[in-house]
Amino acid sequence: MTATDTDPSTPAEPLPRNVKILGAVSLAQDTGSEMLYPLLPSFVTGTLGAPVVAIGVAEGVADAIASGMKLVAGRFSAGRRRRWIAAGYAIATVGKIVVTAAMAWPVVILGRAIDRMGKGIRGVPRDALIADDTPAAARGRAFGYHRTLDTIGAVLGPAIGLALLHLLDGQIRVALALAVIPAAISVGLVAFVREPLRPPIVGPVTGTEPPQEARSKVPGGVWRVLAPLIVFALVNSTDALLLQHGADVGLSTTQVVAAYICFNVVYASLGYPAGKLADQLPPRVLIAAGLTVFAVVYMGLGQTATTTAAWILLPLYGAFPALTDGVSRAWISNIAPDDTRSWILGIHGAATGLAVLAAGLWSGLTWGEHGELPLTISGIVAAVVALWLAVGLNGEPPVTST
């Protein structure tokens, strides 16, 4: 059965136990991470007295490290997903502790680098394990479920962080310390994850062959899928710049965080339904729809400079990751051979991660007053890639895994 053979009238099989546990793990970890998110700029520039550029340096270094670790994890995690997942979540938790204990802003950069290193280590083996344990015809639903729980953490985290800051009379360091608690819970939950009973075939990614040999065995159909995703990533700059646009046009800090929460509410609400649709429709169609939403939001924000437009378009933006994030992971997992799945997911994660980093750099350098130029350019390119996928110019690679 392929992803498009699913009969909508047939009751869906329960998701595998591992998928549910990994969803809970991501919910806890992301709650802790997002508790930090609205507090970190004030901590770095206010409490520690760092220049604003330090925030950009911290995030850039962290993202570059995460991208590299995705490739490493994809190369060596086949057949031993659980230990890589556990290590990744544990390292990320240590990173949060380092940030909390920082007495100087360079230590925050170190902590963020450790945190993102953990994210890079865990992401690919986690996604590969979800695919290993789920039939091809249900992978869209499985990834949609996982991304939904992860995004619920992105709703709870900022809300809890702001509430703690208020209750603690602005004691940011104490609020940051409390963010370690849900992160530590996520590490404990990994103990309940099991390697699939039918482990994937261990082939060129076991460490016995050089990366180049493994790379040569990536099917051409996979590259046809990766190409438009990587091209799009080159204009998909960090979401922080969208929040910066909101601040530029007059939203207060609280309103920016509220808009960010609304974005994640939309994402969480649509992620699972989008995943189910990906098991019934060609995934490229849903991704094209998501990129269309991206194009509308970016071009809309690029051509307007009002708080009204920001309040409308920033929450709407949540439909973009809902239609693309889990769907693209399921699509790649389905067309990747079982013995190279983690390697191919690693290539995707590293390539798109580095492309997003490049997007953040060129967008930041051309930002201007309200980001009109980079936002408009990104919207136009996203529309072109959406058309590329919608008309099937990259072909329709067959499902190769079960």
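The values are calculated or read from the model by the stated rules, or taken from the named source; none is laboratory data. Not measured: the values here are computed from a predicted model. Reconstructed Cβ throughout: ideal geometry from the backbone, glycine too, with neighbour counts over all protein chains shown.
Quick notes
- Here the stretch 291-318 is the region considered, the condition is being in contact (Cβ under 8 Å) with a residue 40 or more places away in the chain and under 18 Å from the mean Cα position of the chain (by Cα), and the residue that is surrounded by the most Cβ atoms within 10 Å (Cβ to Cβ) is Leu291.
- Condition check for Trp362: modelled with pLDDT of 90 or more, aromatic (Phe, Trp, Tyr) and part of a helix (DSSP H, G or I): no
- Residues considered: Leu357, Leu373. Of these, the only one that is buried (at least 18 other Cβ atoms within 10 Å of the Cβ) and either assigned to a helix (DSSP H, G or I) or among the charged types (D, E, K, R) (or both) is Leu357.
- Segments classed as helices (runs of 4 or more DSSP H), wholly inside the stretch 157-274, with at least 2 members that are under 21 Å from the mean Cα position of the chain (by Cα), modelled with pLDDT of 90 or more and surrounded by 18 or more Cβ atoms within 10 Å (Cβ to Cβ): 180-189, 220-233
- Val293 being modelled with pLDDT of 90 or more, of a type in the set (Val, Ile, Thr) and in a helix (DSSP H, G or I): yes
- Of everything in the stretch 58-83 that is within 18 Å of the chain's Cα centre (by Cα) and either of a type in the set (Ser, Thr, Tyr) or farther than 20 Å from Ala359 by Cβ (or both), the residue that is surrounded by the most Cβ atoms within 10 Å (Cβ to Cβ) is Gly74.
- Scanning the stretch 328-339 for residues that are over 12 Å from the mean Cα position of the chain (by Cα) and either part of a helix (DSSP H, G or I) or surrounded by fewer than 24 Cβ atoms within 10 Å (Cβ to Cβ) (or both) gives Ala330, Trp331, Ile332, Ser333, Asn334, Ile335, Pro337, Asp338, Asp339.
- For the stretch 223-250, a tally of residues being more than 16 Å from Thr306 (Cβ to Cβ) and in contact with a Leu (Cβ under 7 Å, 6 or more places away or on another chain) returns 2.
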